[in-house]
Amino acid sequence: MIVVQKFGGTSVGDVERLQRVAQRIVDTRRAGHDVVVVVSAMGGTTDELVDMAAQVNRRPPQRELDILLTAGERISMSLLAMAIEALGVRARSFTGSQAGIITDTVHGKARILAVTPERVRDALGDGDVVIVAGFQGVSRETHDITTLGRGGSDTTAVALAAALEADVCEIYTDVDGVYTADPRLVPAARKLDRLAYEEMLELAAQGAKVLQVRSVEFGRNHGVPIHVRSSFNGSEGTWVVPQEDMVEDAIISGVAHDTSEAKVTVVGVPDRPGVAAGMFTALADASVNVDMIVQNVSSDGRTDISFTVPRGEVEQATELLGGRLEGIGAADVIVNPAVAKVSLVGAGMKTHPGVAARMFDALSRAGVNIQMISTSTIRVSVIIDDAHVDDAVRAVHAEFGLGADAIVEEQGAG
Ligand code: ADP
Ligand code: ASP
Ligand code: MG
């Protein structure tokens, strides 16, 4: 059996934790499995490297930033291999490039195009434990080193598991699994035993950073069973599986929140065909990730268009649109970074009407004003003032009875 195990930053946060992780890997190897380990940088390292880069250059060249950031994972991969050898088991570490993680050329958020893990297979064939640095790859086109975006080690792990046809991809992290909401924000949140890929995709895309969204895409597209579990205990975590493997169908599976976006409003836009197309084509050409879009009711032939983008891309977006105000015929561009997105996710929404209404009602009772709304077949998202994010998530979570206490009450009553 081939097992891929991924350990996140907190799990390898210091030398002692790294040694504990090494012991767990050795135990899996001694149980007779082929083990491939994907490791993140030690907690805080990536942020420190980003800060240092910003100190020497306000806008660091993307190529150099990527090379710098991959250093974090190279430190943990080699230390982990040494710690495993110290326990008497042979281990060999590889960078993403050495492990055959081939990506496109988009620095900072590269996509994996192919995985060619020949060296990993050879090392497994020799009976070695293989350690792979997460979050990084190489472009065949430019031969440059790329990174996969924050949280990208998850994607390295699932992509490798798919390429190696591993039996399971275990994601070891600092919580016991996937919860109905971020357990750090909602103490009553409940651990889910199972979750469908589609629901996990929505939760991850809407800010539940326990898995990077692309890792879930890989899992779904290649049928890799993903087991999210704690690196600090041995308990069963959450299995992310195909919809047809779900034993029972909850209407709502969870609430996600995201405070990493900002709202941009273009004021006084002429209300005629082609204007929105021009604006958003310019943004797309510059690889700015636009999320929600709202166009207000127009008066006197003019309207306001608001949209959200990752905070890191705001400057780019406003410079781009600010430079075109005359061409667009708009009056101004305004940025509001103090927004949060709260999303309710559940496959059962498809067949149960009224979910959005209940969510909005719960928010209004909590005194939270809604600025923007967007929906998919299994999700409702709102943009609110970020000062209210905790209250909003807790209110929505309680309204749909997602907490551990709600289940106990129901059982008691039944
Ligand atoms: P790692 O360093 O192991 O990759 P991350 O910090 O990237 O860990 O992801 C784990 C964190 O995700 C948890 O500590 C938790 O605060 C957060 N999180 C957000 N939403 C959820 C959720 N629905 N279930 C579990 N954890 C969540
Ligand atoms: N070290 C990277 C980050 O902090 C990648 C990861 O941990 O998955 O985002
Ligand atoms: Mg992570």
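The values are calculated or read from the model by the stated rules, or taken from the named source; none is laboratory data. Not measured: the values here are computed from a predicted model. For neighbour counting, all protein chains shown are included, and Cβ atoms are generated from backbone atoms with ideal geometry for every residue, glycine included. Ligands, DNA and RNA are excluded from the accessible area calculation, which covers all protein heavy atoms including side chains. Shrake-Rupley method; radii C 1.70, N 1.55, O 1.52, S 1.80 Å.
Quick notes
- Comparing Gly72, Gly268, Gly108 in a Gaussian network model of the chain, where Cα atoms under 10 Å apart are tied by springs, the biggest mean-square fluctuation is seen for Gly268.
- Solvent-accessible surface ranking, highest first, for Phe7, Phe360 at 1.4 angstrom: Phe360, Phe7
- Heavy-atom accessible area order for His33, His227, His352, largest first, 1.4 Å probe: His352, His33, His227
- Heavy atoms of Met82 accessible to a 1.4 Å probe, total area in Å² rounded to 10: 120 Å²
- Förster radius 25 Å - calculated FRET efficiency between Gln23 and Ile67, Cβ distance, rounded to 0.05: 0.20
- Label point of Glu48 set 7 angstrom out along Cα-Cβ; within region 1-36, amide nitrogens under 11 Å from it belong to 14.
- Considering only Ala81, Ala99, Ala357, the Gaussian network model of the chain with Cα springs below 10 Å gives its largest mean-square fluctuation to Ala357.
- Out-of-range pairs (alpha-carbon distance over 22 Å; input Lys191/Lys263; Lys6/Lys341; Lys263/Lys350; Lys209/Lys341; Lys109/Lys191; Lys109/Lys350): Lys191/Lys263; Lys6/Lys341; Lys263/Lys350; Lys109/Lys191; Lys109/Lys350
- Other residues within the sphere of radius under 11 Å centred on the Cβ of Gly13, judged by their own Cβ, net out at -1 (K and R +1, D and E -1).
- Residues whose amide H comes within less than 5 Å of that of Leu113, counting only those at least five positions distant or on another chain, are Ile102, Thr103, Asp104 (H built at 1.01 Å from N in the peptide plane).
- Virtual spin-label span in nm between Ala86 and Ser376, 7 Å along Cα→Cβ: 4.4 nm
- Cβ-based charge dipole, the chain, positive-most Cα from Gly348, Val130, Gly177: Val130
- Probe 1.4 Å - accessible area at Phe280, Å² to nearest ten: 40 Å²
- Pair Arg58, Met1: separation of 7 Å Cα→Cβ label points (nm): 5.5 nm
- Once both labels are positioned 7 Å from their Cα atoms along Cα-to-Cβ, the gap between Val335 and Asp300 label points is 2.9 nm.
- Region 1-124 shape via C-alpha gyration tensor axes, a/c threshold 1.5: oblate
- The 3J(HN,Hα) values that the Karplus relation (6.51, -1.76, 1.60; θ = phi - 60°) gives for region 317-334 are, in residue order, 5, 6, 4, 4, 6, x, x, 10, 3, 5, x, 6, x, 8, 8, 6, 10, 10 Hz. Gly and Pro appear as x.
- Test item: Cα-centred dipole of the chain, Lys/Arg +1 and Asp/Glu -1 on Cβ, debye: 480 debye
- Among Gly152, Gly403, Gly32, residue whose mean-square fluctuation peaks in a GNM of the chain (springs only between Cα atoms under 10 Å): Gly32
- The residue among Gln23, Leu65, Val4 whose Cα reaches farthest toward the positive pole of the charge dipole of region 1-65, with charges on the beta-carbon of Lys, Arg, Asp and Glu, is Val4.
- Region 258-393: mean projected area of Cα convex hull, nm²: 9.1 nm²
- Order of exposure, largest accessible area first, which applies to Leu65, Leu283 with probe 1.4 Å: Leu65, Leu283
- Accessible area per residue was computed with a 1.4 Å probe on protein heavy atoms; His222 scores about 110 Å².
- Average projection area in nm² (convex hull over Cα atoms of the chain, one quarter of hull surface): 22.5 nm²
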